[in-house]
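Q: I am attaching a structure below and will ask some questions about it afterwards.
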Amino acid sequence: MALLMDPAEVPQGRGSAERGGLMDPAEVPQLQWADPVSSSPRVYGRKQWRAVCKVLGNDNLLAEILVRLPPNPSSLPRASVVCKRWLGILSDPEFLKRFRKHHRKPPLLGFFEGYANRFAPVMDSPDRITASCFSMPKSSTPYSDHREYMGCRHGLAVLVNKQDRKTFVWDPLTGRQHSVDFPPGLDDAFTGNFCMWRAAVLCADAEDGHVHGDCFLSPFKLVLLCCGGYNTQAFCSVYDSVSGVWGGVFSTAVSRIISLLRPSILVGNALCWLISGGDILVFDLECQSLDVIEKPAFYYVTDGCFQILRMEGGGLGLAVLLDLTIQLWERKSNSDGVVGWVLLKKTIPLEGMFPRRMNSVRIVGYDEDTNVIVLTSMTGNFTLQLDSMQLKHIVKRNNICYDPFYPYTNFYTAARQGSRPGRGESGTNCDRTRSANILSWSNNLGTES
C-alpha cells in the first residue's frame with residue numbers, strides 16, 4: 001500500500017503538520033510500508049482518491065493499516081509526522097500493545113559492549129539505535145564495570161553490585177530500575193569469601209511472547225548464581241517480583257568457575273551458563289533443579305571458543321570454534337531414549353568469509369532469539385547469522401577485543417512516560433519529564449554516539 005494524495009487537496013507550506021493537516025509530499029519522510037508499491041508513475045482520479053480518503057478517515061481501519069508497519073525503529077516515528085491524527089493513533093498505548101502483539105518477535109537492535117553505556121547497533125540507518133537513545137542507570141549503579149553487567153532479556157537488563165550486595169533490574173528505554181538485596185542464604189554464606197556472581201532476568205508472563213512493552217508492569221524473575229567454596233560448589237536462588245521474596249537456595253558440585261565472558265542462555269525452561277572449559281551449568285526453572293552437563297568432547301581450547309546455543313527445535317546446542325571452523329553439537333535422544341550430544345553434519349568454515357585473512361577469531365556474544373553470534377578479530381566485531389550464514393561488520397577497530405557482547409532486542413516505539421516507582425524501584429529525570437510524543441524518538445534515530 002502507498003500513501004495517496006491529491007495535490008489539490010494537500011495543504012501547502014511547512015506549517016501544515018502543526019495545523020493537523022496532511023504535510024506537503026516534500027516534507028513527508030519516505031514511509032516504509034509493509035507492502036510497498038512500484039515507484040513507477042501512476043495517476044489516480046478523484047473517485048479513487050475519495051475512496052482512499054474514506055478508508056483513511058476511519059480510525060479503526062487506519063489503525064489496522066498502521067499496525068502492519070514493519071517493526072523497525074524508524075517506522076512509527078516517521079509515520080507519526082504525517083499529521084496530528086496519525087500521531088495520536090501511533091502514540092496510543094493500546095495501539096502500541098497491538099503493534100507488539102501483531103509482530104510478536106522484536107528486532108535485534110544491537111549489543112551492549114560489556115558496559116551499559118557502550119552499545120553497538122546492528123541495524124542500518126534510519127533504524128540505527130545508538131547509546132544516546134537509552135536512559136542510563138543512576139550514577140551510583142556500577143554500570144562502568146563490565147564485571148558487574150550481566151546481560152539482557154525480554155527488554156530488561158540486570159546488573160550486580162557485589163560490594164553493596166544488591167542486584168539491579170534495569171529498563172534501558174525508560175531508565176527505570178528495580179533494586180533487590182542479595183538473598184540472605186547466599187549473602188551470609190559467602191560474605192568475606194572469594195566467589196563469582198552471575199545473574200539473569202526474564203519476564204515471568206509469557207502472554208504474547210514476552211512483548212508487553214514494559215515488563216516492569218508484568219511479573220519477572222531474577223536468578224542469582226554464585227560459585228564459591230574454592231570453586232567446588234555452585235549456588236543459586238530465584239527472586240519473584242510478585243511476592244517480592246527470594247526462594248530457596250539450590251546447589252551442585254562444579255569442577256571449575258563460571259565463565260565471566262558468557263551471559264546465561266535461556267533454552268526452554270532452563271537457564272544455562274558456560275563453565276570454564278566447556279561444561280554447562282543448567283538451572284531448570286520449572287523443576288527447580290541445578291545440574292551440570294559435560295561438554296561433548298575433550299576440547300582443549302579457551303572459553304572464547306565455546307558458545308551455548310538455542311537450537312531450532314528449542315533444544316540445547318553448543319558451538320565450538322576450532323581454528324577457523326565452527327562445529328555444532330546438539331543434545332538429542334537416541335533410540336533408547338538416552339539423551340546425549342550429537343555432532344551435526346553442518347560445519348561453518350570462516351576462512352574466506354572475512355574482508356581479509358584472519359589468524360585469530362573468538363566468539364564474544366550470542367543472541368538466543370535470532371541465532372546470531374558475535375565474533376571478534378583484529379579488524380573489529382562481526383555478527384554471523386548461523387542459519388543464513390550472513391556476516392556483517394558492526395564494530396571497526398584495529399585490535400582484538402574480548403569484551404562480552406550482550407544482545408538487546410525490543411520494540412523501539414513511542415517514549416513511555418515514567419510512572420511512580422514501586423517498591424524497590426527508582427526512576428530518572430527522563431521518566432518524569434519525557435512526554436509520550438513519538439517524535440522525540442525520531443530525533444535520535446540514525447545518529448552516531
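Q: Any residue at all in the range 378-386 that is over 24 Å from Tyr149 (Cβ atoms), touching a strand residue (DSSP E or B) at 6+ places or on another chain (Cβ under 9 Å) and open to solvent by 70 Å² or more (accessible area, probe 1.4 Å)?
A: For the range 378-386, residues over 24 Å from Tyr149 (Cβ atoms), touching a strand residue (DSSP E or B) at 6+ places or on another chain (Cβ under 9 Å) and open to solvent by 70 Å² or more (accessible area, probe 1.4 Å): absent.
Q: Then there's this: Sort out which residues of the range 342-357 are farther than 30 Å from His154 by Cβ and open to solvent by less than 10 Å² (accessible area, probe 1.4 Å), and write them in order of number.
A: Leu350
Q: In addition: Write out, first by first residue and then by second, each pair whose Cβ atoms fall under 6 Å of each other, whose residues are 6+ apart or on separate chains, and whose first residue, in the range 264-280, is farther than 23 Å from Leu156 by Cβ and in a loop (DSSP other than H, G, I, E, B) while the second is among the aliphatic types (A, V, I, L, M) and open to solvent by 10 Å² or more (accessible area, probe 1.4 Å).
A: Ser276/Ile257; Asp279/Val292
Residues are listed down the side, and each one gets a yes or a no for (1) within 18 Å of Cys203 (Cβ to Cβ); (2) outside the structural domain of Arg362 (by the TED database); (3) surrounded by fewer than 17 Cβ atoms within 10 Å (Cβ to Cβ); (4) of a type in the set (Gly, Ala, Ser):
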| site | (1), (2), (3), (4) |
| --- | --- |
| Ser237 | no, no, no, yes |
| Asp240 | yes, no, yes, no |
| Val254 | no, no, no, no |
| Leu281 | no, no, no, no |
| Ser289 | no, no, yes, yes |
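Q: Restrict the check to the range 424-433 and report whether at least one residue is at pLDDT below 90, among the hydroxyl-bearing types (Ser, Thr, Tyr) and surrounded by 13 or more Cβ atoms within 10 Å (Cβ to Cβ).
A: Looking for residues that are at pLDDT below 90, among the hydroxyl-bearing types (Ser, Thr, Tyr) and surrounded by 13 or more Cβ atoms within 10 Å (Cβ to Cβ), one finds at least one in the range 424-433, hence yes.
Q: For the range 66-86, how many residues meet the condition of being assigned to a helix (DSSP H, G or I) and open to solvent by 40 Å² or more (accessible area, probe 1.4 Å)? First the steps, then the outcome.
A: So the first thing to find is which residues in the range 66-86 are assigned to a helix (DSSP H, G or I), and the list is 66, 75-80, 84-86.
Filter once more, so that each one left must be open to solvent by 40 Å² or more (accessible area, probe 1.4 Å): 78, 84-85.
Summing the residues that are assigned to a helix (DSSP H, G or I) and open to solvent by 40 Å² or more (accessible area, probe 1.4 Å) in the range 66-86 gives 3.
Q: Modelled with pLDDT of 80 or more, in a strand (DSSP E or B) and either of a type outside the set (Lys, Arg) or in the same structural domain as Lys392 (by the TED database) (or both): is that true of Leu173 in this structure?
A: On the way: modelled with pLDDT of 80 or more: yes; in a strand (DSSP E or B): no; either of a type outside the set (Lys, Arg) or in the same structural domain as Lys392 (by the TED database) (or both): yes.
When the stated conditions are applied, Leu173 does not pass them.
Q: Failed condition for Leu285, given (1) more than 26 Å from His154 (Cβ to Cβ); (2) open to solvent by 30 Å² or more (accessible area, probe 1.4 Å), with all others met?
A: (1)
Q: While we're on this one: Could you grab me the full set of residues in the range 310-333 that are surrounded by 13 or more Cβ atoms within 10 Å (Cβ to Cβ) and under 28 Å from Gly248 (Cα atoms)?
A: If the condition is that a residue be surrounded by 13 or more Cβ atoms within 10 Å (Cβ to Cβ) and under 28 Å from Gly248 (Cα atoms), then Arg310, Gly315, Leu316 are the ones that fit.
Q: Scanning for something in contact with a helix residue (DSSP H, G or I) (Cβ under 8 Å, 6 or more places away or on another chain) and either part of a loop (DSSP other than H, G, I, E, B) or under 17 Å from Val339 (Cα atoms) (or both), does the range 303-313 turn up at least one residue?
A: Step one: of the range 303-313, the residues in contact with a helix residue (DSSP H, G or I) (Cβ under 8 Å, 6 or more places away or on another chain) are none.
Within the range 303-313, none of the residues are in contact with a helix residue (DSSP H, G or I) (Cβ under 8 Å, 6 or more places away or on another chain) and either part of a loop (DSSP other than H, G, I, E, B) or under 17 Å from Val339 (Cα atoms) (or both).
Q: Now for a separate question. Report, by residue number, each residue of the range 90-130 that is crowded, with 20+ Cβ neighbours inside 10 Å and assigned to a helix (DSSP H, G or I).
A: Within the range 90-130, Leu90, Leu96, Phe99, Arg100 meet the criteria.
Q: Now a separate question. Just one of (1) over 28 Å from the mean Cα position of the chain (by Cα); (2) within 17 Å of Asn371 (Cα to Cα); (3) of a type in the set (Gly, Ala, Ser) trips up Gly337, so point out which.
A: (2)
The values are calculated or read from the model by the stated rules, or taken from the named source; none is laboratory data. Not measured: the values here are computed from a predicted model. In this analysis, Cβ positions are derived from the backbone assuming ideal geometry, glycine residues included, and neighbour counts consider all displayed protein chains. Quick note on the areas: whole protein, heavy atoms, side chains included, nothing else; ligands and nucleic acids left out. Shrake-Rupley method; radii C 1.70, N 1.55, O 1.52, S 1.80 Å.
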